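Here the structure is laid out as structure tokens; the discussion comes afterwards.
The values are calculated or read from the model by the stated rules, or taken from the named source; none is laboratory data. No experiment lies behind these values; they were computed from the predicted model shown. Heads up, the Cβs are rebuilt from the backbone with ideal geometry, glycines too, and the neighbour counts pull from every protein chain shown. Just so you know, the surface numbers come from the protein's heavy atoms only, side chains and all, with ligands and any DNA or RNA stripped out. Shrake-Rupley method; radii C 1.70, N 1.55, O 1.52, S 1.80 Å.
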Amino acid sequence: MPPAERQAFEAEMARDAELEALVRQHRIERIGLEMLVEQELRAKMRAWDRETELLQQLQPRRARIQPLTWVLRAAAVVAALAVGYWLLRDRLSDTPAQPDIVQTQPKPKKQTPTWRKPARQPGATGEHNMAQNDLPPAPIEEMQPNGPAIDYAAVADEFFTERDFLPPRGAKGGSKAYLEGLKNLQDGRYQDVTSTFKPELVPAPTAEDVQQQELLAVAYYKNGQYADAEMTFRRIAISRMQPYAQRAEWGVVLSILKQMPQRQSALDSALDVVLRQPEHQFYTKAQQLRERL
Amino acid sequence: MANTDWSDEALVSGIRTGGSARDEALKRLYLMPGLRETVIRHVMANGGSRQDAQDIFQEALVILDRNVREGRYEARSALTTYFVAIAKWRWVTVRRQHGRYTEISPTHYDTEVESPEAETIRTEYRELFQEALAQIGERCRELLRLYQLDHSMEEIAQIMHYNSADVAKKEAYRCRTRFRELLQNNPAFAPLLENRRP
């Protein structure tokens with residue numbers, strides 16, 4: 001407010017007690033509401049600090065990798081030289097010795113061993129011929145530690161609620177493209193959504209861009225394309241645009257849950273992201289999920 | 001497109017624009033090389049610990065964000081100079097509140113900062129405000145946060161999945177009324193609202 005206008009307004013307030021009370025109440029409310037903005041900014045600063053810490057942790061690791069690369073390279077050269085020497089030595093030892101002048105009878109010529117095809121066992125198939133130790137590696141699932149079997153997909157279904165990510169049927173807020181996509185998704189035409197929206201987010205996205213990506217992520221999820229859903233949710237989470245980012249962090253957890261048990265460590269860290277923020281929209285759900293697992 | 005030209009004007013405009021532009025501008029300031037170190041050096045040279053300095057640095061960004069959005073930054077100095085001035089002034093206030101310091105706060109930028117009364121209210125009533133905010137529910141908090149950041153009702157409707165800007169407006173009114181009632185019904189706020197602070 002320009003100084004003159006401000007002075008006039010203050011003079012009016014001094015005359016009108018009711019106006020002064022109203023202005024005062026409005027100011028106090030604003031101070032209170034500013035705390036919402038402050039809380040959000042403080043949460044962001046914590047996230048930036050975490051990012052910086054992570055980068056700093058990576059920095060020395062990169063520095064350690066540099067000399068390690070040189071050591072590995074040197075080791076490879078030494079190994080190559082050793083193999084070369086060994087082959088050369090073998091070849092030299094294979095060279096026939098100079099014939100002895102005294103010897104009258106020529107040495108019998110060295111015979112090359114002939115390869116014989118092993119006798120085929122009657123009724124044996126190729127697979128049966130495979131040695132015991134040549135069994136194919138166990139699938140990753142079988143390598144998991146033993147424990148009570150968890151039906152991760154069912155748990156994910158239990159925790160996934162469409163309403164967490166999408167507005168109710170018939171909602172009108174949003175662009176035409178978004179509303180069309182939303183209707184397709186709600187009618188179960190997931191591929192129409194995945195073929196309409198590109199899985200990418202511009203560097204400084206608008207709310208509409210992020211909304212469309214959220215629609216795409218849910219369509220991938222509902223269509224059983226969990227890895228694609230995870231990537232799309234991650235992209236939204238990185239944008240940090242609220243409330244989409246928090247919803248997306250939860251979406252990442254559920255998408256990984258659908259890819260379990262192979263993604264245990266990814267699931268742990270995705271859950272940690274939510275559980276580190278008590279003010280997170282899905283904090284309680286994340287706690288419940290961790291207890292279930 | 002991401003902004004790569006981070007002049008003071010671009011930073012201020014980013015903060016005022018809101019959304020991801022505000023996030024980017026504030027992040028840029030928060031991670032600006034040398035800025036944090038300057039604040040840390042000042043606080044530590046004036047009786048504070050490293051932790052005090054980190055807190056002051058974060059508070060300075062909160063205040064700068066608020067001042068820029070509310071039009072109190074008049075670009076009479078570089079944004080980083082303004083930031084450091086806020087941090088110094090904030091450290092003086094904190095020390096005075098803790099009875100460790102009696103020097104009056106600097107006045108060379110006092111028209112660009114919030115009134116001392118607002119600052120006192122913010123500090124003294126923080127917990128009571130938070131209590132009231134906790135009672136209005138998550139949806140209301142998010143809506144009022146967007147409202148506070150000057151998002152239009154159309155944007156709020158889009159972000160919060162309301163059917164229209166009108167619905168968002170009604171919801172904002174309902175949430176704000178609820179918040180106001182909570183303040184009015186809390187006897188601790190009575191002297192403040194009636195302008196007869198204890």
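The residue pairs whose first member lies in the stretch A:31-47 and is over 15 Å from B:L64 (Cα atoms) and without any contact (Cβ under 8 Å) to a residue 40 or more places away in the chain, whose second member is assigned to a helix (DSSP H, G or I) and among the polar types (S, T, N, Q), and whose beta carbons are closer than 8 Å, counting only pairs six or more residues apart or on different chains, are A:L33/B:Q148; A:L36/B:Q148.
Might you let me know whether the stretch B:81-90 holds any residue that is outside any helix (DSSP H, G or I), in contact with a helix residue (DSSP H, G or I) (Cβ under 8 Å, 6 or more places away or on another chain) and within 26 Å of B:I121 (Cα to Cα)? It would help to see each step written out before you state the result.
Applying the first criterion (outside any helix (DSSP H, G or I)) to the stretch B:81-90 yields none.
Scanning the stretch B:81-90, I find no residue that is outside any helix (DSSP H, G or I), in contact with a helix residue (DSSP H, G or I) (Cβ under 8 Å, 6 or more places away or on another chain) and within 26 Å of B:I121 (Cα to Cα), so the answer is no.
For the stretch A:93-115, the criterion of being modelled with pLDDT under 85 and assigned to a helix (DSSP H, G or I) is satisfied by at least one residue.
Among residues of the stretch B:156-167 being over 15 Å from B:E138 (Cα atoms) and assigned to a helix (DSSP H, G or I), the one that is most open to solvent (accessible area, probe 1.4 Å) is B:D166. The residue of the stretch B:19-30 that is nearest to B:I159 (Cα to Cα), among those that are open to solvent by 10 Å² or more (accessible area, probe 1.4 Å) and out of contact with any Phe, Trp or Tyr (no Cβ under 7 Å at 6 or more places or on another chain), is B:G19. The residue that is farthest from the other protein chains (Cβ to nearest Cβ), counting only those in the stretch A:25-41 that are open to solvent by 10 Å² or more (accessible area, probe 1.4 Å) and more than 13 Å from B:R66 (Cα to Cα), is A:H26. Looking only at the stretch A:202-231, residues that are open to solvent by less than 10 Å² (accessible area, probe 1.4 Å), within 14 Å of another protein chain (Cβ to nearest Cβ) and farther than 16 Å from A:S175 by Cα come to 1 in all.
For the stretch A:177-193, a residue qualifies if it is over 14 Å from A:Q212 (Cβ atoms) and part of a helix (DSSP H, G or I), and the qualifying residues are A:Q186, A:Y190, A:Q191.
Kindly establish whether A:V218 is in contact (Cβ under 8 Å) with a residue 12 or more places away in the chain and β-branched (V, I, T). Talk me through it step by step, then tell me what you get.
Working: in contact (Cβ under 8 Å) with a residue 12 or more places away in the chain: yes; β-branched (V, I, T): yes.
So A:V218 passes the test.
When B:E127, B:E119 are screened for being loosely packed, with under 15 Cβ neighbours inside 10 Å and either in a helix (DSSP H, G or I) or aliphatic (A, V, I, L, M) (or both), only B:E127 passes. Take B:E181 and tell me if it is open to solvent by 40 Å² or more (accessible area, probe 1.4 Å) and touching a helix residue (DSSP H, G or I) at 6+ places or on another chain (Cβ under 8 Å). So B:E181 fails the test.
Residues are listed down the side, and each one gets a yes or a no for (1) out of contact with any Lys or Arg (no Cβ under 7 Å at 6 or more places or on another chain); (2) among the polar types (S, T, N, Q); (3) within 16 Å of A:Y190 (Cβ to Cβ):
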site: A:Q211; (1), (2), (3): yes, yes, no
site: A:L216; (1), (2), (3): yes, no, yes
site: A:K222; (1), (2), (3): yes, no, yes
site: A:M241; (1), (2), (3): yes, no, no
site: A:R247; (1), (2), (3): yes, no, no
site: A:R263; (1), (2), (3): yes, no, no
site: A:D272; (1), (2), (3): yes, no, no
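Results for (1) within 14 Å of chain A (Cβ to nearest Cβ); (2) of a type outside the set (K, R); (3) surrounded by fewer than 20 Cβ atoms within 10 Å (Cβ to Cβ); (4) under 16 Å from A:R42 (Cβ atoms), shown as yes or no for each residue.
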{"residue": "B:M32", "(1), (2), (3), (4)": "yes, yes, yes, no"}
{"residue": "B:A45", "(1), (2), (3), (4)": "no, yes, yes, no"}
{"residue": "B:Q51", "(1), (2), (3), (4)": "yes, yes, yes, yes"}
{"residue": "B:Q54", "(1), (2), (3), (4)": "yes, yes, yes, yes"}
{"residue": "B:A60", "(1), (2), (3), (4)": "yes, yes, no, yes"}
{"residue": "B:L64", "(1), (2), (3), (4)": "yes, yes, no, yes"}
{"residue": "B:G71", "(1), (2), (3), (4)": "yes, yes, yes, no"}
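For A:P199, the stated conditions do not hold, so it cannot be described as open to solvent by less than 20 Å² (accessible area, probe 1.4 Å) and not in a helix (DSSP H, G or I). Candidates in the stretch A:1-24 are the residues that are farther than 23 Å from B:R180 by Cβ and among the basic types (K, R); of these, the one that is least open to solvent (accessible area, probe 1.4 Å) is A:R6.
If A:M260 satisfies all but one of (1) open to solvent by less than 40 Å² (accessible area, probe 1.4 Å); (2) in a loop (DSSP other than H, G, I, E, B); (3) within 14 Å of chain B (Cβ to nearest Cβ); (4) aliphatic (A, V, I, L, M), what's the number of the condition it fails? Among (1) open to solvent by less than 40 Å² (accessible area, probe 1.4 Å); (2) in a loop (DSSP other than H, G, I, E, B); (3) within 14 Å of chain B (Cβ to nearest Cβ); (4) aliphatic (A, V, I, L, M), the lone unmet condition for A:M260 is (3).
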